[in-house]
Amino acid sequence: MTSGWSGWLFYLTSFSIFAFLGFGLGVNYPSVIACPSLTSYCYFFRLDKTTVIIPPIPQQETRQKN
């Protein structure tokens, strides 16, 4: 292909484009996806936010002393 800085620039640019496309398709392709919170990248990049499942916040169990 090419050598020197132009080769590295081509490689890094190609890698960046395919990584971004892979992440975008990976987040938007499944019909339903679970995201950890509303501020995560998973939720931010999802086009159809109605199909995102946000898990409930776990509640602490209180122990009663007898």
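Nothing in this text is a laboratory measurement; each read-out follows from the coordinates by a stated rule. Note that this is a predicted model, so its numbers are computed, not measured. Every residue, glycine among them, receives a Cβ derived from its backbone with ideal geometry; neighbour counts consider all protein chains shown.
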I'm checking my understanding of the structure. Among residues of region 42-52 that are touching a helix residue (DSSP H, G or I) at 6+ places or on another chain (Cβ under 8 Å) and part of a helix (DSSP H, G or I), which one is surrounded by the most Cβ atoms within 10 Å (Cβ to Cβ)? C42
For region 1-40 the number of residues that are surrounded by 10 or more Cβ atoms within 10 Å (Cβ to Cβ) and either in contact (Cβ under 8 Å) with a residue 60 or more places away in the chain or part of a helix (DSSP H, G or I) (or both) is 23
